[in-house]
Amino acid sequence: MLRDAVLIARKDLRIERRSRVVLSQVVPFAILVLVLFAFALNADRQALADFTPGLFWVAVLFSALLAIQRATAIEGIDATSDSLRLSGIDPSSIFLGKAMAVCAQLLALEVLLLVGVFIFYDAEVDSSASAFALLVVTAIVAAIGVSAAGTLYGALTIGVRGQETLLPILLLPVLAPVLIGATRSFDDAFGSAAVNGWAWLSLLALFAVVYVVFGLLAYGILMEES
Amino acid sequence: MTPNPTSSSTTRNLGIVTILGLGLVVLLGGFLTEPDDLMGDLVRIMYVHVPAAIMTYTGFVVGAIASGFYLWKRSEFADLVAHAAIEIGVISGVLLILTGAIWGEPTWGTYWSWQDVRLVSTLVLVLLYVGYLAIRQLPVDHHVRARRSAVIAIASTIMIPIVRYSVTWWSNRTLHQEASLTDGKLEDLTLFTLMVAIVIGLVAFAWLTIHRFRVLWLEQQVDNVGLAGAIAERRAEASTGVEAAVTAPSANGDPS
């Protein structure tokens, strides 16, 4: 199953490498969001630094929406999802593979946005190893949760007119707990609020586990003659 | 021709009970019960607010169970029950939030408090199910839509505890009343009125859901009949158009 999943993930990433849609559209969008936040907060350095965790994660979620839409759209082109179904690969593997590809792209986006907030917003991580570890682990776990939920909800909108408007209203409420958890966890890492980030990380982990498991179980239902 | 109503004797009786019951709740809650010591007449909004909360969660839970049943047995019936129940649940949820906000302004001094766990989590949950209703509007095949909807309904139900937990943790302060049913401070008549309101709320839920279900069912039948009719028409055209087909061989061709 894992081998098939890797195959699917490599297929999606190869399509991305050749089409460069995420690179040429989603990445600039993510940076634009950071710039817009600065305009909205009137270039107030202190406010930007205080709210960096929240702004960072909102930017990640918006960019993630685009990346997920792209991952869904490539299945719609040339009836790829039908071919995948005919290939005999288990739907769970397809789910896992697509989620892995989205997750890889999200991680790259997160790294980029982190560099962005360090430069634009003067963000500073507490100089302890634990704060740095918290930052990295939160980014990874949140990416897993977002990509699993996103892949599942993305599949719900395959082959539908108005897909672009449907996905956000389905997915954003679902991702609300991720936004809360990841923001609080980053608050700890950046030292912008006295909270226990590791406790919040467990919420993110719970979310990720729930959606990976649910996706593995439910993806087959969605793939049937859709 | 008189239109065929969606009622039956059961729903007519449910409807009568609902309307009489609502009258009773208005009489009890609006006039006969005493104003609260602290909240005064504001307490009366509770007779709408609490039943709305119960109707909302009933709708979501019934929707999840029916969706699970759909995935298990692939019964169209269960699919439409889920749709009807969740739709009534969402409407009750909006009523729940509105009555809460109206009550909050004079009591807490604000319509909306981000510090309140119940407000925020209820809003997120209602938005989740609004997404479900959006999926129901998709112009795709019935079975595809039913499957996708069922998956969302179940996923959303899994989200109920996660949302609740995350929001509670996010702002572990609440302005909301502790459940005041069990602390023995409610006067007898107030408690009785609240109980009546809850029961009537559930009856109203059943009444509305059954009607909504029947309308959905009829819509589905119309769709099916329309499709079957169109296919029959094309077939008829194809068989009478044999001579014409000599000159235009593929004009009426059946794609299957």
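Of note:
- Condition met for B:S67 (under 21 Å from the mean Cα position of the chain (by Cα), polar (S, T, N, Q) and under 22 Å from A:I158 (Cβ atoms)): yes
- Among (1) surrounded by 18 or more Cβ atoms within 10 Å (Cβ to Cβ); (2) within 12 Å of chain B (Cβ to nearest Cβ); (3) modelled with pLDDT of 80 or more - the single one A:V160 does not satisfy: (3)
For every residue, the table says whether it meets (1) touching a Ser or Thr at 6+ places or on another chain (Cβ under 9 Å); (2) among the acidic types (D, E); (3) without any contact (Cβ under 8 Å) to a residue 40 or more places away in the chain; (4) facing chain A (nearest Cβ under 8 Å).
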site: B:W103; (1), (2), (3), (4): no, no, no, no
site: B:L119; (1), (2), (3), (4): yes, no, no, no
site: B:A155; (1), (2), (3), (4): no, no, yes, yes
site: B:M159; (1), (2), (3), (4): no, no, yes, yes
site: B:I162; (1), (2), (3), (4): no, no, yes, yes
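- Residues of the range A:197-207 that are out of contact with any Ser or Thr (no Cβ under 6 Å at 6 or more places or on another chain) and within 11 Å of another protein chain (Cβ to nearest Cβ): A:A199, A:S202, A:L204, A:L206, A:F207.
- Restricting A:L167, A:L109, A:L66, A:L113 to residues that are open to solvent by 20 Å² or more (accessible area, probe 1.4 Å) and not basic (K, R) narrows the list to A:L66.
- Residue in the range A:180-226 that is modelled with the lowest pLDDT, counting only those that are in a loop (DSSP other than H, G, I, E, B) and of a type outside the set (S, T, Y): A:E225
- Filter result for A:A143 (open to solvent by 20 Å² or more (accessible area, probe 1.4 Å), assigned to a helix (DSSP H, G or I) and more than 19 Å from B:A150 (Cα to Cα)): no
- Against the test of being open to solvent by 10 Å² or more (accessible area, probe 1.4 Å) and over 18 Å from the mean Cα position of the chain (by Cα), the options A:L201, A:L217, A:L172, A:L179 yield a single qualifying residue, A:L217.
- Restricting attention to the range A:32-48, the residues being in a helix (DSSP H, G or I) and surrounded by 16 or more Cβ atoms within 10 Å (Cβ to Cβ) number 6.
- Of the criteria (1) closer than 22 Å to B:I162 by Cβ; (2) outside any helix (DSSP H, G or I); (3) more than 14 Å from chain A (Cβ to nearest Cβ), which one B:W114 fails: (3)
- Filtered residue count, the range B:14-34, keeping only those that are hydroxyl-bearing (S, T, Y) and within 19 Å of B:R44 (Cβ to Cβ): 1
- Residue match in the range A:178-196 (condition: in contact with a helix residue (DSSP H, G or I) (Cβ under 9 Å, 6 or more places away or on another chain), facing chain B (nearest Cβ under 10 Å) and closer than 21 Å to B:A153 by Cα): yes
- B:L32 vs. criteria of a type in the set (A, V, I, L, M) and at pLDDT 85 or above: no
- Counting only residues that are within 14 Å of A:I221 (Cα to Cα) and open to solvent by less than 30 Å² (accessible area, probe 1.4 Å), the range B:69-83 holds 1 of them.
- Residue within the range B:129-139 that is open to solvent by 30 Å² or more (accessible area, probe 1.4 Å) and not in a helix (DSSP H, G or I) present: yes
The values are calculated or read from the model by the stated rules, or taken from the named source; none is laboratory data. For clarity, every value in this text was computed on a predicted model and none was experimentally measured. For neighbour counting, all protein chains shown are included, and Cβ atoms are generated from backbone atoms with ideal geometry for every residue, glycine included. What goes into the accessible areas is simple: the full protein's heavy atoms, side chains included, and nothing from ligands, DNA or RNA. Shrake-Rupley method; radii C 1.70, N 1.55, O 1.52, S 1.80 Å.
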